[in-house]
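Step one of this worksheet: look at the structure below.
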Amino acid sequence: MKYSRKKTREVNIGGVKIGGDNPIAIQSMCNTDTRNVEETVKQIKELENAGCEIIRVAVPDMQAAEAIKDIKRQIDIPLVADIHFDYRLALKAIDGGIDKIRINPGNIGSEDRVKQVADMAKKNGIPIRVGVNSGSLEKHLVEKYGGVTPEGLVESALGHVRLLEKYDFYDTVISIKASNVPFSVEVYELLSETVDYPLHVGITEAGTVWGGTVKSAVGIGAILSRGIGDTIRVSLTGNPVEEIYAAKEILKDMNLRKFGVEFVSCPTCGRTSIDLISIANEVESKVKNIDKNIKVAVMGCAVNGPGEAREADIGIAGGHGEGLIFRKGEIIRKVPENMLVDELMKEIEKL
Ligand code: SF4
């Protein structure tokens, strides 16, 4: 099943288009020091290899803004500058060839400064993401709504968006991040009803790799299932490469995009008599970067396994000290346990 996606305006981020009918793009953010060009480029390459389509870096000072030019020269995916407080950093980043700017116009300063950023971004065809966070909602909106509410956050975002519109700037992407899942769903529903700008979706401060992945999957999944979202970022306290794997899984599981192998494995039960957990982990990591749209199953027993995973293109089912390789529910041969993974990988190569 495909979700009926809300049609949003198309925005081009350095060649990667989001909104409209474009696929939901995967983003991440470097956790290197942007001023360290070598380390940052190295991490971007790793993220790109894992499937990252848009990458953001923090630009906290002029030296970081100056590094943009050198980073841009050495990478192949669009680069986004994350800027707070100082509009001059945005101007410098645009000068250095940045593909998108993320600002919170509310903390960039006077309207004239916002105008300068909007004018220069427009001249260079660079979109701006208005990124509002639940933790930094303006005081007057907290007071107006009696706390941090979805209505207050949407009003905050709209205020910034309208300010850009005032200066004839419409290449806008919006995000409103909160760390509470039901709250975030409400926020994005309201935002999506109110604007047709493309939306960047994520759950902020989601947590470490395990807990944060679950939380992001639930939150981003719930928002996507309402047809909302044009680009996603999973935020994890860990190696950002994990964010990409998690994002790909979310989009794959929602039937929104296809990324190589779909992996399934059974939960094991009293019928399992091989070390299925190790085998499943090994196969999952080996198929992670295989670029084939196939389904691979790792099942614990020959009695139910091939049948339970009938829709799999290829799979293995455990026995006693041996296992079966099956294709589309049909057993093709028997293999000793210690050779199961290698033999399965050979079969996958043939597909
Ligand atoms: S495939 Fe076999 S081992 Fe796995 S859960 Fe089903 S019955 Fe149990």
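The values are calculated or read from the model by the stated rules, or taken from the named source; none is laboratory data. In this text, all values refer to a predicted model and were calculated from it rather than measured experimentally. Here the Cβ positions follow ideal geometry from the backbone for every residue, glycine too, while neighbour counts run over all protein chains shown. Just the protein is used for accessible areas: all its heavy atoms, side chains included, with ligands, DNA and RNA removed. Shrake-Rupley method; radii C 1.70, N 1.55, O 1.52, S 1.80 Å.
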* Residues in the stretch 81-111 that are open to solvent by 10 Å² or more (accessible area, probe 1.4 Å) and either of a type in the set (D, E, K, R) or touching a Pro at 6+ places or on another chain (Cβ under 8 Å) (or both): how many? -> 9
* **Complete set of residues in the stretch 325-351 that are within 17 Å of Phe263 (Cα to Cα) and of a type in the set (A, V, I, L, M)** => Ile325, Leu340, Val341, Leu344, Met345, Ile348, Leu351
* Asked: So, of the residues in the stretch 250-274 that are exposed (fewer than 13 other Cβ atoms within 10 Å of the Cβ) and within 16 Å of the ligand (Cβ to nearest atom), which turns out to be farthest from Arg226 (Cα to Cα)?
  -> Gly270
* Asked: What strands (runs of 3 or more DSSP E), lying completely within the stretch 1-80, carry at least 2 residues that are open to solvent by 30 Å² or more (accessible area, probe 1.4 Å)?
  -> 16-18
* Just one of Gly307, Gly300 is surrounded by fewer than 15 Cβ atoms within 10 Å (Cβ to Cβ), within 16 Å of the ligand (Cβ to nearest atom) and farther than 28 Å from Ala178 by Cα; which is it? -> Gly307
* So which residues in the stretch 213-242 are in a helix (DSSP H, G or I), in contact with a helix residue (DSSP H, G or I) (Cβ under 7 Å, 6 or more places away or on another chain) and aliphatic (A, V, I, L, M)? -> Ala217, Val218, Ile220, Ala222, Ile223, Val241
* **Close pairs from the stretch 320-344: first hydrophobic (A, V, I, L, M, F, W, C), partner assigned to a helix (DSSP H, G or I) and open to solvent by 50 Å² or more (accessible area, probe 1.4 Å), Cβ under 6 Å, at least 6 apart** => Val341/Glu282
* To do: Considering only residues that are open to solvent by less than 50 Å² (accessible area, probe 1.4 Å), of a type outside the set (A, V, I, L, M, F, W, C) and under 27 Å from Gly20 (Cβ atoms), look in the stretch 226-239 and name the one that is farthest from the chain's Cα centre (by Cα).
  => Gly227
* Any chance you could count how many residues in the stretch 168-201 are in a loop (DSSP other than H, G, I, E, B) and either touching a Gly at 6+ places or on another chain (Cβ under 8 Å) or open to solvent by 20 Å² or more (accessible area, probe 1.4 Å) (or both)? => 8
